[in-house]
Amino acid sequence: MKTAVLARLAALAAATALVPGACTDGTGLQYGAAEVRVTLQQATDAIAAQVVAGPELAPDDAAGRVPRENVVSLTVTVTGVAILPQCEEAGEGSGDGQCEDLWIPLDLVLEDGVTGVTLNLMELPSEDASPILLAAADVPEGEYHKVRLFISDAFVVFAEEFTVGQSVFLPGDPIEVEIPSSQNSGIKADIDLVVGEGNVEDVALLFDADATFRHVVGTGSGRVLMPPVLKARPMNQNHNQNG
């Protein structure tokens, strides 16, 4: 895997030198390597309390709020996972900023002949079970501050008739879910990850169903606008492979 890591670092160096606006230094990436694994599970009350602040929730009486029990399934296909190194030049609090070209893709855990990982987000394991391993790869040592998932083919099924604005959605029918930027810039979550050589680092993502269903919008074309809310759980689980 070391050869792949060195090739990835060389690609990063070329990107920073040739792409306008990319970070030319300040990422802190080094030539050591370690494995990063991205997992996914439900954000139940017990583990959601461990998560640093996420998106502000809409009130219970907000228009378009769907009770969790009225969602039979929310099926998505994950087509890509990537992590972003910390970039000092982007400035604190400025998001991806000048580092948008430095995303490092991870390898999806796929069955033979399959191009994406299809999941029902309503049936993800909770804290009582092992999370689903989505992706893993050796990456350069350093600090990483964001993870993103690319998602396609999202569908929701309601248990009861759901009306929002002028749109009426019938129970039992798969309804296409429109997720803004899901295939372009991806669905992102903040992480605080330090990758050290010889370790295996876990990025534990949580799907927050309650936050996701707080504000559902009917598009008027038979689809719903409902971006899945993902948060990162602080794991602090690094397994040294050398000892």
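Structural remarks
- Of everything in segment 121-141 that is in a strand (DSSP E or B) and open to solvent by 10 Å² or more (accessible area, probe 1.4 Å), the residue that is farthest from Val78 (Cα to Cα) is Asp138.
- Only one of Gly91, Gly21 that is touching a helix residue (DSSP H, G or I) at 6+ places or on another chain (Cβ under 8 Å), open to solvent by 40 Å² or more (accessible area, probe 1.4 Å) and at pLDDT below 65: Gly21
- Residue within segment 194-213 that is surrounded by fewer than 19 Cβ atoms within 10 Å (Cβ to Cβ), within 21 Å of Phe150 (Cβ to Cβ) and touching a residue at least 24 places away in the same chain (Cβ under 8 Å) present: no
- Residues located in segment 153-166, provided they are open to solvent by 20 Å² or more (accessible area, probe 1.4 Å) and either assigned to a strand (DSSP E or B) or within 17 Å of Glu123 (Cα to Cα) (or both): Asp153, Phe155, Val157, Ala159, Thr163, Val164
The values are calculated or read from the model by the stated rules, or taken from the named source; none is laboratory data. Everything quoted here is computed from the prediction, not taken from an experiment. Note that each Cβ is placed from the backbone with ideal geometry, even for glycine, and that neighbours are counted across all protein chains shown. Side chains included, ligands, DNA and RNA excluded: accessible areas come from the protein's heavy atoms. Shrake-Rupley method; radii C 1.70, N 1.55, O 1.52, S 1.80 Å.
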